[in-house]
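One structure is given below, encoded as C-alpha cells.
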Amino acid sequence: QVPELVERFEAVIAAEQRIEPRDWMPDAYRATLVRQIAQHAHSEIIGMQPEGNWLTRAPSLRRKAILLAKAQDEAGHGLYLYAAAETLGVDRSELTEKLISGRQKYSSIFNYPTLNFADVGVIGWLVDGAAICNQVPLCRCSYGPYARAMVRVCKEESFHQRQGYELLMTLMHGTEAQRAMVQDAVDRWWWPSLMMFGPPDGDSPNTAQSMAWRIKRHTNDELRQRFVDMTVPQAEHLGVTLPDPELRWNEERGSWDFGEPDWSELMRVIKGDGPCNTQRIEVRRAAHEDGAWVREAAAAYARKEKERHG
Ligand code: FAQ
C-alpha cells in the first residue's frame, strides 16, 4: 500500500467527501461495498415476488396499476444498484450467479408469504417504512455511486410507503372482515420487519468497520429504534395493534421500549430455512434461465452492429 494513497482515502472519509470509482480504496472497503450493494440489489429483485403474487388478483384496476408500478420501481432499483456495484469492478452476471447459487444473501423479509391482499398494504407501510429508515442515512454513505443511487431510491420508497398506508386506511374504513385482514397481516409482518435491520449491535460483526468507513451511518439497533418510534403513532392512527405486549412509552428516553425479536428465527431465515427461501430462489433461477435467449440475442446483435460499424 502506498502511504499517500491511504492518507488521501482517510482524509476524504474524514472530510465527509465521497470516494469515487477511480479513487484508490482499501480492498476490504471495496469488498464490503460489493457485499452490501449486491445484497441490497438482490433484495429489490427478489422483493418483487411477494407482492407480485397479488398482481393477477388485485381487487380493482386502480390497485392493480399501483401494484404494477411499484414492482416496476423495484426492478429499477435493482438494476440501478447492480450498476452501482459494477463501478467497483464486479459484473452483474457474476452477482446473479452468486445469488441463485446461495453464495450471496438478500433481505430475510422477502422469505415470508403474502397470504391476503392486506399483506400488500402492510409491505408498503412496514417493509418500505423500514427500508426508508435504513436507506435515508445511506444517502450520506462515503461511496459516491451508492449514496447517489439512494437519493432516488428513497424518493420512490416514500411513495411506496404512502400507497401501503393508504391501502390499509381504506381497508380499516371497510368491513369487520377487512379490518381483521389488516390486523392479521400486521401480526405476521411486525417482527420480521424489525429483523430487517439486522442482528443486535452486539452480534453484528460488520457494523464497527462499516461505521468507521462511513458506509453505515447508524448501528442496526439505532435504526430499529427509529423505526419503532416512527411506526407506533402511525399504528395508533390506523387503529391496529402492534403484536408486542412490551411496547410502552419511555418518558426518560423519549422513545418506545419494545420486546426482543426472536433472533434465532432471523438466523434460520438468513441461513436459508425461512418459509419461502427455496421458492424465491427457484423462481429467480427459472426467470434467469428463461431469459438466456434474450441475453444471447442481445449479445449477437451487439456483435453484428460492431462488425457493421467497426
Ligand atoms: N437479511 O454485521 P451485520 C428493500 C446479514 S429493503 C439477510 O449487521 P451489515 C426495499 C449480513 O449481510 C431490504 N441478511 O451486517 C423493498 C451479514 O452477513 P454477511 C434491503 C442479513 O451488512 C421494499 C450478517 O447478517 N436493504 O429491498 C440481514 O453491517 C419492499 C451480519 O449482519 C438493504 O440491503 C437481513 N435482514 O448490516 C423492496 C439495505 N441482516 O454479508 C421490495 C442495505 C443482516 O457478512 C419491497 N444494507 N444480515 O455474510 C444494510 O444496511 C446492511 O447490510 C444491513 C446489515 C443493515 C442489512
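The values are calculated or read from the model by the stated rules, or taken from the named source; none is laboratory data. Treat the numbers as computed from the prediction; the structure is a model and nothing was measured. Quick note on the areas: whole protein, heavy atoms, side chains included, nothing else; ligands and nucleic acids left out. Shrake-Rupley method; radii C 1.70, N 1.55, O 1.52, S 1.80 Å.
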Practice item. Kindly flag which residue pairs out of 98/271; 105/271; 105/155; 105/216 have an alpha-carbon separation exceeding 20 Å in this structure. Key: 105/155
Study note, to complete from the structure: Averaged per residue, the 1.4 Å probe accessible area of the stretch 4-105, protein heavy atoms only, in Å², is roughly 50
Study note, to complete from the structure: For the stretch 146-245, the per residue accessible area (1.4 Å probe, Å²) is 45
**Study point:** Distant-in-sequence amide H partners of residue 25 (H built 1.01 Å from N, under 5 Å)
**Key:** none
Practice item. Distance between Cα centroids, the stretch 108-155 to the stretch 218-297: provide it in whole Å. Key: 10
Check your understanding: In what order, largest first, do 64, 70 sit by accessible area if the probe radius is 1.4 Å?
Key -> 64, 70
Check your understanding: In the stretch 240-300, what percent of the accessible surface is made up of carbon and sulfur (1.4 Å probe, ligands and nucleic acids excluded)?
Key -> 53
Practice item. Enumerate the calculated ³J(HN,Hα) couplings along the stretch 238-250 in order (Karplus 6.51 cos²θ - 1.76 cosθ + 1.60, θ = phi - 60°), each rounded to whole Hz, writing x wherever the residue is Gly or Pro. Key: 6, x, 10, 9, 7, x, 9, x, 8, 6, 8, 5, 10
Check your understanding: Heavy-atom accessible area of residue 25 with all protein chains present, probe 1.4 Å, nearest 10 Å²?
Key -> 10
Review point. Which residue, 103, 295, 280, has the most motion in a Gaussian network model of the chain that connects Cα atoms within less than 10 Å?
Key: 295
Check your understanding: What percentage of the solvent-accessible surface of the stretch 51-97, computed with a 1.4 Å probe over protein heavy atoms, is contributed by carbon and sulfur atoms?
Key -> 58
Practice item. Enumerate the calculated ³J(HN,Hα) couplings along the stretch 89-101 in order (Karplus 6.51 cos²θ - 1.76 cosθ + 1.60, θ = phi - 60°), each rounded to whole Hz, writing x wherever the residue is Gly or Pro. Key: x, 9, 10, 4, 5, 5, 5, 4, 4, 5, 5, 6, 9
Point to revise | Square roots of 5 times each gyration tensor eigenvalue, C-alpha, the chain, largest first, Å | key: 34, 27, 17
Point to revise | Largest to smallest accessible area among 159, 258 [probe 1.4 Å] | key: 159, 258
Review point. HN-Hα J couplings of the stretch 158-165 from phi, Karplus 6.51/-1.76/1.60, θ = phi - 60°, integer Hz, Gly and Pro as x?
Key: 5, 4, 4, 5, 4, 5, x, 5
Check your understanding: Counting only protein chains, not ligands or nucleic acids, how are 305, 16, 289 ordered by accessible area (probe 1.4 Å), most first?
Key -> 289, 16, 305
